[in-house]
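Chemist: Below you'll find the structure I mean.
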């Protein structure tokens with residue numbers, strides 16, 4: 001399968017043995033194992049193009065059933081980020097402040113080709129897009 005690379009760390013696929021595939025309706029079951037895990041048989045990265053071959057998925061027809069999926073990995077297989085860097089899912093549901101005023105919670109991260117934007121929903125369920133720039137907005141996590 002040809003994979004559109006969304007990660008900043010495509011080299012992670014060198015040692016990756018298994019992945020999960022996600023569509024809007026949820027995780028996809030492997031039709032051969034009846035589990036939601038897909039084992040990587042081999043891979044290649046060339047010219048910013050990733051190709052994966054899943055175990056038992058030997059035909060174009062098999063692979064075409066998986067078109068449009070997002071590839072997910074276990075959290076402990078993530079690349080460790082530097083201080084003040086975050087994965088998108090770590091930002092979801094965090095409170096966003098401007099100065100000391102709570103302006104809402106992050107509900108989604110958008111990117112329309114430029115910088116990342118936080119989709120923030122306030123307590124009145126009104127939604128706003130804010131540029132993700134640490135110098136302008138601080139994000140706090142409350143447990």
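Chemist: Would you order 128, 9 from fewest to most other beta-carbon atoms within 10 Å of each residue's own beta-carbon? Write down the numbers at each step before the final one.
Modeler: On the way: 128 13, 9 10.
Arranged by neighbour count, lowest to highest, 128, 9 become 9, 128.
Chemist: Another question, if that's okay. Taking the beta-carbon count within 10 Å as an exposure proxy, list 37, 120 from fewest neighbours to most. Write out the running numbers ahead of the final one.
Modeler: Values: 37 15, 120 21.
By the 10 Å Cβ count, ascending: 37, 120.
Chemist: Okay, next question. Across 5 Å bins from the origin, how do the percents of Cα pairs in the chain run, short distances first?
Modeler: 2, 8, 16, 17, 16, 13, 11, 9, 6, 2, 1, 0
Chemist: Given a cut-off of under 8 Å on Cα pairs at least six residues apart, what relative contact order in percent is computed for the chain? Present the calculation step by step, with values, prior to reporting the outcome.
Modeler: Values: 198 pairs, mean separation 23.6, N = 143.
Value for the chain: 17 percent.
Chemist: Say R0 is 41 Å: what FRET efficiency, to the nearest 0.05, do residue 16 and residue 99 get from their beta-carbon distance? Kindly include the intermediate steps, with their values, before the conclusion.
Modeler: Numbers: r = 43 Å, r/R0 = 1.04.
Given R0 = 41 Å and the Cβ-Cβ separation, E is 0.45.
Chemist: Additional query: Restricting to DSSP H runs of at least four residues, report the calculated mean residue ellipticity at 222 nm for the chain, -39500 (n - 2.57) per run over all residues, nearest 500 deg cm²/dmol. Walk me through the intermediate numbers first.
Modeler: Values: 2 runs with 9 residues, N = 143.
Roughly -1000 deg cm²/dmol at 222 nm, from the helical runs in the chain.
Chemist: OK, next. Sorting 33, 59 on the 10 Å Cβ count, fewest up front, what's the list?
Modeler: On the way: 33 12, 59 8.
Taking fewest neighbouring Cβ atoms as first place, the list is 59, 33.
Each reported figure results from applying straightforward, stated rules to the coordinates on display, with no laboratory input. Since the model is a prediction, treat every value here as computed from it, not as a measurement. Every residue, glycine as well, gets a Cβ built from its backbone with ideal geometry; the counts of neighbours run over all protein chains shown.
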